[in-house]
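To keep things clear, I will list the structure first and then write my remarks on it.
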Amino acid sequence: MTDTRSGFWEHFEHPADIGVRGVGDTLAEAFSQAAMALCAIITNPQRVRPRQAITIHCEEPDLELLLADWLNALIFEMATRRMLFSRFDVTVEDGCLRAKAWGEPVDVPRHRPAVEVKGATYTELRVYQDNRGHWVAQCVVDV
Amino acid sequence: MDMSRLQQVSDSEWQIPPTGKMRVPGVIYADRTLIEEMDDKVWEQMVNVATLPGIVRASYAMPDAHWGYGFPIGGVAAFDPEDGVVSAGGVGFDISCGVRTLHTGLTPAQILTAQQRLADALYHRIPAGVGSTGNLHLTPREMDAMLSGGARWAVERGQGEAADLARIEEGGCMPGADPAQVSAHAKQRQKDEMGTLGSGNHYLEVQRVTDIYDADIAAAFGIKQDDVKVSIHCGSRGLGHQIGTEFLKRMVVTAASHGIELPDRELACAPITSTLGQQYLGAMRAGINCALANREIITHLTRGVFADIFPGSRLDLLYDVSHNTCKEEEQIVDGQPRRLFVHRKGATRAFGPGHPALPADLREVGQPVLIGGTMGTASYILAGTRTGMDKAFGSACHGAGRRMSRRQALRTWRGRQLKDELEAQGVLIRSPSGRGIAEEAPGAYKDVEAVVRAAHAAGLARRVAKLVPMICIKG
């Protein structure tokens, strides 16, 4: 995997809710992909135009709690700005995450949002490097 | 769930004997089939809850229990006020999510004369789904008044009826709320969300009573065969979610300093006597008031729609129950009254006859216990029992409980097709999202009838009536 956009996201099963998992060559890419997985719970990210950007900043030494903080910050921004996001630029350094998230205001007929996300949980919350060196960032979110 | 790890007490009660760090046993109230369908994680989570400091009598699971966060959803646990803990995970993200049921005085035939129009008007008037906002926009001062006043605040603002208050837990206003403990973020998330339904499994339904199981209690509740009722299922919206998120983290980070060993981070808790524990209780009670105010405002909007379409109709409140709470209650333990902090996570308070917390006109028969179904199946009304007070601190199930993940539901059903099928059965669905409908497909839930039967058989609550939907508004 030499392509810098080798990262991907996926959902995993949880009986009541749904899990988000981001995978990437770097920790930042895994966090960015996890955010895509979060947004894909609500709508197809391809329907969301990256028209305006907001900035997010989180500090937390524990990488797993940092992932939850990051996703919860996005949930807060989506709820209060009534926006959906589809593109992320993330850097993570020494427990400090800085990100730009691009998206647009919710347009119900076009986005057909399926469900609101209440919060990122600590269930199945894991951030680690797998045996091929890829970073994995995941948790279950409450919907 | 692996049945070999349980001891059978009766057909509807099973025990996990205490081992290892468990301070009390685990008790599941359900029949064999329901337990076999439960995830092994329910067992694990019940055992984890049983290890928490100050837990009294047992870690309980209701018949609809499923894998939750820290606590099982459908979990009940009570803690001693001195040695015990309060857990943000044990309450859940959607604080005081609950159900209320209203009488309409109308017949199914009357609804059928205007079913499409009523469905459209309810869908139009009640904000539901992602990105929706309410008609009220709260200033900081009004926010604090709402967080202290609950449904009483809504009534004072002309968004509800005073007669409703006696039919809401705590008279519509949870005492001990401390708006100062609710963060600016939580308040910001809520300021435009009052009177919104939310999404996911939240709904407003117009329902028809199809079965009466206990004629005396039904009469006391004001329920007759073929009555039309309205049920509303929603919670504390963004405010509750934000309180849950923030306190969960604070409790995780400080657990070790309180000498608490967490078997699972999601079990995050703090001693009730600690500053953090008290702060959480103040914030969580404010969250309860937010949910009570929210359901009151949605009721007010619903009344407006019914008044337009059925002039002269009156929607009186039967009762309003909350599912995700921690409440300080007097309970009888070993024959002695004790103050306990009872966590009900995805479980309904179900106080039995004679309980002083019940309004005078319901005290003889017990608390109405409102069990939400799915849009294609049925909802049930039960009544709290005296035996339930001893069995699980006056608690019962809260709904069907999922048996299939959202992903699997999406692979199995198409929203549009489901909507058409339900419409052919006489159930009108209104929702902004076809995918949302598919994720909430009736088949993705456990058999609510089996859950209710098990709650009845276990003596947690008595079956009173069954209702099926005619209209369902989904967020």
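Values in this text are rule-based calculations from the coordinates and carry no lab data. All values reported here derive from a predicted model rather than from experimental measurement. Reconstructed Cβ throughout: ideal geometry from the backbone, glycine too, with neighbour counts over all protein chains shown.
Count charges around residue B:40 for me, please; just the other residues with Cβ under 9 Å from its Cβ, Lys/Arg as +1, Asp/Glu as -1. The partial results should precede the final answer.
Working: positive: B:5, B:41; negative: B:2, B:39, B:44.
Summing Lys/Arg as +1 and Asp/Glu as -1 gives -1.
Is the C-alpha gyration tensor of the stretch B:234-358 telling us rounded, prolate or oblate? Criteria: a/c under 1.5 is rounded; beyond that, a/b larger than b/c is prolate, otherwise oblate.
Values: a/c = 3.39, a/b = 1.63, b/c = 2.08.
In terms of gyration-tensor shape, oblate.
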* Asked: Among A:52, A:30, A:109, which residue has its Cα positioned farthest towards the positive end of the charge dipole of the stretch A:8-142, with +1 placed on the Cβ of Lys and Arg, -1 on the Cβ of Asp and Glu, and the dipole taken about the Cα centre?
  -> A:109
* Structure fact -> The size of the Cβ-based charge dipole (Lys, Arg +1; Asp, Glu -1) of the protein assembly as shown about the Cα centre, to the nearest 20 debye, is 1320 debye
* When the Cα centres of the stretch B:257-333 and the stretch B:139-210 are compared, how far apart do they sit, in Å? -> 9 Å
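What does the helix-only formula give at 222 nm for chain B: each DSSP H stretch with n ≥ 4 adding -39500 (n - 2.57), the total divided by the residues, and the result rounded to the nearest 500 deg cm²/dmol? Could the numbers behind the result be given before it?
Values: 16 runs with 161 residues, N = 475.
Helix contribution divided over all residues of chain B: -10000 deg cm²/dmol.
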* What is the mean number of Cβ atoms from other protein chains located within 10 Å of the Cβ atom of each residue in peptide A:103-116, rounded to a whole number? -> 6
* Calculated SAXS-style log₁₀ I(q)/I(0) at q = 0.09, 0.10 Å⁻¹ - the protein assembly as shown, Debye, Cα scatterers -> -0.66, -0.82
* Residue mean of other protein chain beta carbons inside 10 Å, A:15-22 -> 6
* Fully extended, how many nm does the chain gain between residue B:133 and residue B:225 (0.36 nm per residue separation, minus their Cα-Cα distance)? -> 29.5 nm
* **Partner lysines for residue A:118 [C-alpha distance under 24 Å; skip if fewer than 8 residues away on the same chain]** => A:100, B:41, B:187, B:191, B:249, B:327, B:345, B:446, B:474
* Asked: Angle between the Cα long axis of helix B:415-424 and the longest principal axis of chain B, 0 to 90 degrees, nearest 10?
  -> 60 degrees
* Asked: Which of the lysines could a cross-linker bridge to residue B:224, judged by Cα under 20 Å and excluding same-chain residues fewer than eight apart?
  -> B:466
* Can you give the average number of partner chain beta-carbon atoms within 10 Å of each beta-carbon in peptide B:235-242, as a whole number? -> 4
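Using +1 on the beta carbon of Lys and Arg, -1 on that of Asp and Glu, and nothing else charged, what's the dipole of the stretch B:202-346 about the Cα centre, debye to 20? Before the final figure, lay out the partial values.
Values: 16 positive and 18 negative charges, 105 e Å.
Roughly 500 debye, rounded to the nearest 20.
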* To do: Output the Cα-based Rg and Dmax of the stretch A:8-142 in Å, rounding Rg to one decimal and Dmax to a whole number.
  => 13.7, 43
* Structure fact -> The rounded separation in angstrom of the Cα centers of the stretch B:1-43 and the stretch A:1-60 is 38 Å
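Quick check for me: using +1 on Lys/Arg Cβ and -1 on Asp/Glu Cβ, what's the dipole size of the stretch A:8-142 about its Cα centre, in debye to the nearest 20? Write out the running numbers ahead of the final one.
Values: 14 positive and 20 negative charges, 169 e Å.
For the stretch A:8-142, the charge dipole is close to 820 debye.
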